[in-house]
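Student: What follows is a structure written as structure tokens; I'll ask about it next.
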Amino acid sequence: MIGKVAYELELPTELAAVHPVIHISLLKKCVGDSASIVPLERVAVKDSLTYEEVSIEILHRRVRRLRNKEVASVKVLCRNQSVEGGTWEADETMKAKYPHLFPSYSVSPSGNSSSPVS
């Protein structure tokens, strides 16, 4: 703690460009959840301090009607995420990027997926 309203962070050397002193208004209480902790060895952080999410499973499918067209989307589980952290993505975009996640399933207009199409 530096003064009454600032903290100095201990940052790793690769974050040397980041200013280590922050105002206390930027801090939030952290309640630990051991299930959400990801070991750093499993996350490949690039030099630009970014990483790429890798989709590993399709959790759910739906088709939504928007005015005069239907939009298919899928709920995707990414590596290092819990099931609750799945995100909805455009079906076509995900098929192009991760075709191995899409066996031949049919999706009804109500958004319910059915068994594989033979």
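Student: Do you know which residues across segment 1-24 are of a type in the set (G, A, S) and touching a residue at least 12 places away in the same chain (Cβ under 8 Å)? Walk me through how you get there before you give the answer.
Tutor: Keep residues of segment 1-24 that are of a type in the set (G, A, S), which gives 3, 6, 16-17.
Answer for segment 1-24, where residues must be of a type in the set (G, A, S) and touching a residue at least 12 places away in the same chain (Cβ under 8 Å): just A6.
Student: Conditions: (1) at pLDDT below 85; (2) out of contact with any Asp or Glu (no Cβ under 9 Å at 6 or more places or on another chain); (3) of a type in the set (S, T, Y). Y7 meets all but one. Number of the miss?
Tutor: Answer for Y7: the failing condition is (1).
Student: Here is a follow-up. Do you know which of the residues in segment 40-78 that are closer than 30 Å to V18 by Cβ and among the small types (G, A, S) is modelled with the highest pLDDT? Give the steps one after another, and end with the answer.
Tutor: Initially, segment 40-78 is screened for residues closer than 30 Å to V18 by Cβ, giving 40-55, 78.
Retained after the next criterion (residues that are among the small types (G, A, S)): 44, 48, 55.
Values: A44: 67, S48: 74, S55: 80.
Filtering segment 40-78 for residues that are closer than 30 Å to V18 by Cβ and among the small types (G, A, S), the one modelled with the highest pLDDT comes out as S55.
Student: Where residues in segment 54-71 are basic (K, R) and part of a strand (DSSP E or B), which of them is farthest from E84 (Cα to Cα)?
Tutor: The first filter runs over segment 54-71 and keeps only residues basic (K, R), leaving 61-62, 64-65, 67, 69.
Within this subset, residues satisfying the condition of being part of a strand (DSSP E or B) are 61-62, 64-65, 69.
Numbers: R61: 15, R62: 17, R64: 21, R65: 25, K69: 29 Å.
Residue satisfying both the conditions and the ranking: K69.
Student: Under 25 Å from the mean Cα position of the chain (by Cα) and either modelled with pLDDT of 85 or more or surrounded by 10 or more Cβ atoms within 10 Å (Cβ to Cβ) (or both): is that true of P12 in this structure? Lay out the reasoning, then the answer.
Tutor: On the way: under 25 Å from the mean Cα position of the chain (by Cα): yes; either modelled with pLDDT of 85 or more or surrounded by 10 or more Cβ atoms within 10 Å (Cβ to Cβ) (or both): yes.
Yes.
Student: For S114, indicate whether it is modelled with pLDDT under 85, loosely packed, with under 12 Cβ neighbours inside 10 Å and under 30 Å from P12 (Cβ atoms). Please lay out each step first, then the result.
Tutor: Values: modelled with pLDDT under 85: yes; loosely packed, with under 12 Cβ neighbours inside 10 Å: yes; under 30 Å from P12 (Cβ atoms): no.
Criteria not met by S114.
The values are calculated or read from the model by the stated rules, or taken from the named source; none is laboratory data. A quick note: this is a predicted structure, and the numbers were derived from the prediction, not measured. With ideal geometry, Cβ positions are generated from the backbone for all residues, glycine too; neighbour counts draw on all protein chains shown.
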